[in-house]
1. 7 Å from Cα along Cα→Cβ at both His48 and Thr5: what's the point-to-point distance in nm?
2. List the residues, sorted by chain then number, that are 5 or more residues from Ile28 or on another chain and whose placed amide H is less than 5 Å from its amide H.
3. Taking the full set of protein chains and a 1.4 angstrom probe, give the accessible area of Ser53 in square angstrom, rounded to the nearest 10.
4. Along Cα→Cβ, 7 Å out, is where each label goes; now give me the distance between the ones at Ile57 and Glu24 in nm to one decimal.
5. When the expected Rg is taken as 2.2 N^0.38 Å, what fraction or multiple of it is the alpha-carbon Rg of the chain?
6. If you roll a 1.4 Å probe over the heavy atoms of the protein chains, what accessible area per residue do you get for the chain, in Å²?
7. What accessible surface, in Å², does a 1.4 Å probe find on Tyr67, ignoring ligands, DNA and RNA and rounding to the nearest 10?
8. Once the Cβ-Cβ distance between Glu15 and Asp38 is put in as r, and R0 is 35 Å, what FRET efficiency do you end up with, to the nearest 0.05?
Amino acid sequence: MPTETLVPTATPLPELITDEQGVEMILIPAGAFVMGSDDNQAAAKPAHTITLSDFYIDKYEVTNDLYRACAEA
């Protein structure tokens, strides 16, 4: 079965960015991981490989004020 080959970006992405609200976000680099299980946990079957592209995620938990502002927008 063919597998996807991840191609590095032309210019490396910064490891830390700040969004429009001043929230710091960290880079999660592209990669693959095994999700699920082949053990006796029916809800987790089957184990399979997931491949994700680079993405950013908040460095810290979202505050109530920021969540409220997002929901109201």
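The values are calculated or read from the model by the stated rules, or taken from the named source; none is laboratory data. Keep in mind it's a predicted model, so treat the numbers as computed, not measured. Cβ atoms come from the backbone with ideal geometry, glycine included; neighbour counts cover every protein chain shown. Please note that ligands, DNA and RNA were not included when accessible areas were found on the heavy atoms of the full protein model with its side chains. Shrake-Rupley method; radii C 1.70, N 1.55, O 1.52, S 1.80 Å.
1. 2.5 nm
2. Phe55, Tyr56, Ile57
3. Solvent-accessible area, nearest 10 Å²: 90 Å².
4. Label-label distance for Ile57 and Glu24, simple model: 1.7 nm.
5. So the chain has a normalised radius of gyration of 1.55.
6. 88 Å²
7. 150 Å²
8. Efficiency computed from Cβ-Cβ geometry: 0.50.
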